[in-house]
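The structure under discussion appears below in the form of structure tokens.
The values are calculated or read from the model by the stated rules, or taken from the named source; none is laboratory data. These numbers come from a predicted model, not from an experiment. Please note: Cβ atoms are built from the backbone with ideal geometry, for glycine as well, and neighbour counts cover all protein chains shown. Quick note on the areas: whole protein, heavy atoms, side chains included, nothing else; ligands and nucleic acids left out. Shrake-Rupley method; radii C 1.70, N 1.55, O 1.52, S 1.80 Å.
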Amino acid sequence: MNLSTRKKWDTAAQGYDLLTRGTDQRWAQHKAHFFSPMQGKVLFLAAGTGLDFKFFPSQQDITAIDISPKMVKLARQRAIEDYDGIIDIHEMDVHQMLFPDETFDQIYTACTLCSIPNPVEGLIHLRRVLKPHGELHMFEHTASHYPPFNLILNMMSPLMSRFGPEMNRDTVTNVRRAGFAIHRVENLHLDILKVICATRGKI
Amino acid sequence: MKNQLYYFVGDLVTTTTTGGLTGAACALVVQNGWNSLVAMALGMLLGMFLALILNAFLGILFGALEVMILTMLTGMVTGMIVAMQATGGISFYSAVRLGVEVGSGVIAFTYLTNSLLRGEVRQ
Ligand SMILES: C[S@@+](CC[C@H](N)C(=O)[O-])C[C@H]1O[C@@H](n2cnc3c(N)ncnc32)[C@H](O)[C@@H]1O
């Protein structure tokens, strides 16, 4: 387990809901739409404090993971209070997942590929636990290809990543590099906030 | 649920506040007769510093990512323009007004670019 990542997100857990309050509200409609196709055996990376649970379609049976014990504690509480289905939350590093190969029909991520230490490696592990015809659905903020937005994200990233996420990861390229076949990319804000849908690709 | 108008007004408040404050700070710090390149660099840094502070508060109200882009862009551009003007002398009022104008320009530019980039991307 990556202890420095765990420590960073444990520290962030305390103020997380307040700092992400604006984003949580501003992206609410997009997120509700994004999570609406959830079905089958679903893995959610990463739970955070569980702010996204309210957007999950009702009555699903979902497995969630997160590296931070403090995030997991808050998320477990939210899973009971905010959700009418089952969310089984594990304290687990995406780079060392204990699930057998080809376990999940769908994997969902939300603002997480900016946060895990090795995005391509993490995605390769996600691909391992996805069934052959399974789907990867991602709601992520990424680098921009256009000035002046790329300049701002590149400047902010070293500062932000001390306390939270990296701001300039090329997640679409990372998904491809991990072997997934991308079916859809939709820009939600500039070319920074995106929905990415992919399948496992050639095995 | 908050609607589009709330966020538009929020974004406008964000950029005009950042622009106005950066303009004011540049007018107070940069003196008549300074080297304009030094003034521009200092103005940009001042704008970025103020943007970071405003970010922390306004992001909670209007969304951290959107606010970060708007405050940083407004802070940097306002800082450079007003600081350069201040090397030839600028009144406090004009500096604030210029900052607010830059803020309005930034929101127009960002919304226009967003309308061009938003939507499905061909693979
Ligand atoms: C920006 S937060 C997003 C949380 C949630 N998805 C949301 O949108 O509110 C990133 C999350 O990724 C988790 N994380 C970071 N590295 C991880 C890893 N290697 N394995 C599992 N989770 C990780 C952090 O603990 C944190 O909760």
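Please state the shape class of chain A: rounded when a/c is under 1.5, otherwise prolate if a/b exceeds b/c and oblate if not, all from the C-alpha gyration tensor. It is rounded, given that a/c, with a ≥ b ≥ c, falls under 1.5. Once Lys and Arg get +1 and Asp and Glu get -1 on their Cβ, which of A:CYS114, A:HIS145, A:LEU51 lies farthest toward the positive end of the dipole of chain A? Farthest along the dipole direction, towards plus: A:HIS145.
Output the 0 to 90 degree angle, nearest 10, between the alpha-carbon long axis of helix B:64-86 and the longest principal axis computed from the alpha carbons of chain B. With rounding to tens, the tilt is 20 degrees. Please label the shape of region A:23-67 as rounded, prolate or oblate, based on the square roots a ≥ b ≥ c of the eigenvalues of the alpha-carbon gyration tensor (a/c under 1.5 means rounded; beyond that, a/b larger than b/c means prolate, else oblate). Because a/c hits 1.5 or more and a/b fails to exceed b/c, region A:23-67 counts as oblate.
All C-alpha to C-alpha distances of region B:33-87, sorted into 5 Å bins beginning at zero, yield P(r) values of 4, 25, 25, 17, 12, 9, 5, 2, 0 percent in whole numbers. Listed by chain and number, the aspartates and glutamates placed with their C-alpha closer than 17 angstrom to that of A:LYS7 are A:ASP66, A:GLU91, A:ASP93, A:GLU166; residues fewer than eight positions away on the same chain are left out. Within chain B, the proportion of C-alpha pairs whose separation exceeds 24 Å stands at 29%. The calculated 222 nm mean residue ellipticity attributable to helices in chain A amounts to -11000 deg cm²/dmol, summing -39500 (n - 2.57) over DSSP H runs of n ≥ 4 and dividing by all residues.
Based on C-alpha pairs under 8 angstrom that are at least 6 apart in sequence, chain B has a relative contact order of 40 percent.
Sequence neighbours fewer than 8 away in the same chain don't count; with that in mind, list the lysines whose C-alpha is under 27 Å from A:LYS194. The reachable lysines, counting only those whose Cα sits under 27 Å from A:LYS194, are A:LYS8, A:LYS31, A:LYS41, A:LYS54, A:LYS131, A:LYS202, B:LYS2.
Note: relative contact order over chain A, using C-alpha pairs below 8 Å and six or more positions apart, is 19 percent.
Here is the interface size for A with B: some 2900 Å² of accessible area buried, both sides summed, with a 1.4 Å probe.
Beta bridges from DSSP with both residues in chain A: antiparallel share about 40 percent, rounded to the nearest 5.
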